[in-house]
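A short worksheet on the structure shown next.
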Amino acid sequence: MKINAFWIFIFFGFNMSLLAQKGLPIQVSDSKIKPLTTFKNQTLQKSLEKELKSNASWKKLIANKKMAVGIVDLSNPNNIRFASVNGNNMMYAASLPKIAILLASMDALEKGEIKETDDVKKDMKIMISKSSNTAATRMIDRLGYEKIETVMTDPKYMFYDENKGGGLWVGKRYGGGGGTNREPIKNLSHAASANQVCRYYYLLAHGKLVNEKRSKQMLDIMGNPDLHHKFVSTLDKIAPSAQLFRKSGSWQTYHSDSILVWGNDPSRRYILVALIDDSNGEQIIRNLVKPIEKALKSKAQTNSVVMN
């Protein structure tokens, strides 16, 4: 009886801690916020690879490095889990790297390098929610390429790291004219890697991009997306009440999406990133959500507490 009582205490204590964490940013001690790679989980990794490679087309794209996927399980704030396939493979990502412009903008606002006018706030919002190219270009022009690069390579973040395959980069306006500042590894103008984008959302979810105030502002901007395609199209059907924070991109055969899903049920709280180089990429991204959630559930069952 003593043993059963002990496990009952642990079980309910664990579930109460999950219920206490309702909104974002996630509230944990700074000591628990570690490099995302330290949360690499072999059970989740195997489940992810099994789900992805069970599809012959996806398996081929992965082998040819034309498909990259990253997931972060946030269901237990005290036990984050991370897995990815081709995670350090940087690819052209179209509009997804506008999240780099958003972070650089927040950093500049916090430091007083640009003014937080109504026009600036509007441009940041529609650059993300509507993926406005003209708004993104105005923000690039306000900041300059050097500022964006400085923030992406800041030791505080290292969202672009040449030693880890690159990452997030914006070196061209989303429109005609102007100079360029392409990244040095693959000469890409708008780049991302699954691992670095997962890191971005992980730090954002914990209120660690610039500071908690600016992170909340970024979450507000990225929440309630106006474009309901790719990941959002599927999540609208299977999790209509979940909060979604996202940014996607498409150009020619390049399709990408990134999302932070925050469901009322703690078991549906995760980060998902996909980068695809395929003409059917948009549909592939739609079809990814259910297998990813299956992989997450498989992991959860494997690591659940067994009570007698």
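Using C-alpha positions alone, give me the convex hull volume of region 213-288 per residue in cubic angstrom.
91
For SER75, enumerate residues with amide H under 5 Å from its amide H, sequence gap 5+ or separate chain, H modeled in the peptide plane.
Those lying under 5 Å, H to H, from SER75 are ARG269.
Students often get this wrong, so check it: of LYS111/LYS172; LYS147/LYS172; LYS50/LYS247; LYS34/LYS156, which have C-alpha atoms separated by over 18 Å? Write out the running numbers ahead of the final one.
Working: LYS111/LYS172 24 Å; LYS147/LYS172 13 Å; LYS50/LYS247 26 Å; LYS34/LYS156 12 Å.
The answer is LYS111/LYS172; LYS50/LYS247.
Given a 10 angstrom Cα cut-off, can you work out which residue in ASN88, ASN78, ASN163 is the most mobile in a GNM of the chain?
ASN163
What is the gain in length, in nm to one decimal, between ASP119 and ALA242 on full extension, counting 0.36 nm per residue of separation less the C-alpha to C-alpha distance?
Values: separation 123, 0.36 × 123 = 44.28 nm, distance 2.98 nm.
Between ASP119 and ALA242, full extension yields an extra 41.3 nm.
For the chain, what is Rg from Cα atoms divided by 2.2 N^0.38 Å, rounded to two decimals? Before the final figure, lay out each step's value.
Working: Rg = 19.3 Å, N = 308, 2.2 N^0.38 = 19.4 Å.
Normalised Rg, Cα atoms only: 1.00.
Rank by packing, highest mean first: peptides 143-149, 68-74, with packing defined as the count of other Cβ atoms within 10 Å averaged across residues. Provide the component values of the computation, followed by the final result.
Values: 143-149: 18.0, 68-74: 26.3.
Output ranking for 143-149, 68-74: 68-74, 143-149.
Hey, what's the chain come to in accessible area per residue, 1.4 Å probe, Å²? Walk me through the numbers before you get to the answer.
On the way: 14130 Å² over 308 residues.
Spelled out: the 1.4 Å probe surface of the chain, per residue, equals 46 Å².
Report, by chain and number, residues whose modeled amide H sits under 5 Å from the one on GLY166, excluding near sequence neighbours (fewer than 5 apart, same chain).
Here the answer is ASP161, since their amide H atoms fall under 5 Å of that of GLY166.
Can you tell me which of 193-204, 281-292 comes out highest on packing, and rank the rest after it, using the mean Cβ neighbours within 10 Å?
Details: 193-204: 26.2, 281-292: 19.5.
Packing proxy ranking, top to bottom: 193-204, 281-292.
Out of the total accessible area of region 49-168 (probe 1.4 Å, heavy atoms of protein only), what percent is carbon and sulfur?
Details: 2190 of 4980 Å².
After summing per-atom areas, the C and S share lands at 44 percent.
Provide, for q = 0.12, 0.16, 0.20, 0.23 Å⁻¹, the log10 of I(q)/I(0) from a solvent-free Debye sum over equal Cα point scatterers in region 48-172.
-0.59, -0.91, -1.13, -1.24
Taking all protein chains as present, what is the carbon and sulfur share of the accessible area of region 241-298, in % to the nearest whole number, probe 1.4 Å?
Values: 920 of 2120 Å².
Solvent-exposed carbon and sulfur of region 241-298 make up 43 percent of the total.
Taking the Cα centre of the chain as origin, sum charge times position over the Cβ atoms of Lys and Arg (+1) and Asp and Glu (-1), and report the length of that vector in debye to the nearest 20. Before the final figure, lay out the partial values.
On the way: 45 positive and 28 negative charges, 154 e Å.
Result for the chain is approximately 740 debye, rounded to the nearest 20.
Specify which residue in the list GLN252, HIS229, TYR157 is farthest towards the positive end of the charge dipole of region 155-268, using unit charges on the beta carbon of Lys, Arg (+1) and Asp, Glu (-1), about the Cα centre.
Looking along the dipole axis, the top candidate is TYR157.
222 nm [θ] for the chain, helices only, -39500 (n - 2.57) per DSSP H run of 4+, per residue, to 500?
-14000 deg cm²/dmol
Looking at the square roots a ≥ b ≥ c of the eigenvalues of the Cα gyration tensor of region 125-223, which shape do they give, rounded for a/c under 1.5, prolate if a/b is larger than b/c, or oblate? List each step's numbers first, then the result.
Details: a/c = 1.83, a/b = 1.11, b/c = 1.65.
Judged from the Cα gyration tensor, region 125-223 comes out oblate (a/c at least 1.5, b/c at or above a/b).
What are the semi-axes of the equivalent ellipsoid for region 169-308, taken as the square roots of 5 times the Cα gyration tensor eigenvalues, largest first, in whole Å? Can you show the working numbers first?
On the way: eigenvalues 171, 71, 46 Å².
So the three semi-axes of region 169-308 are 29, 19, 15 Å.
The values are calculated or read from the model by the stated rules, or taken from the named source; none is laboratory data. A quick note: this is a predicted structure, and the numbers were derived from the prediction, not measured. Neighbour counts run over all protein chains shown; Cβ positions are idealised from the backbone, glycine included. When the accessible area is computed, the model is the full protein with side chains, heavy atoms only, and any ligands, DNA or RNA have been set aside. Shrake-Rupley method; radii C 1.70, N 1.55, O 1.52, S 1.80 Å.
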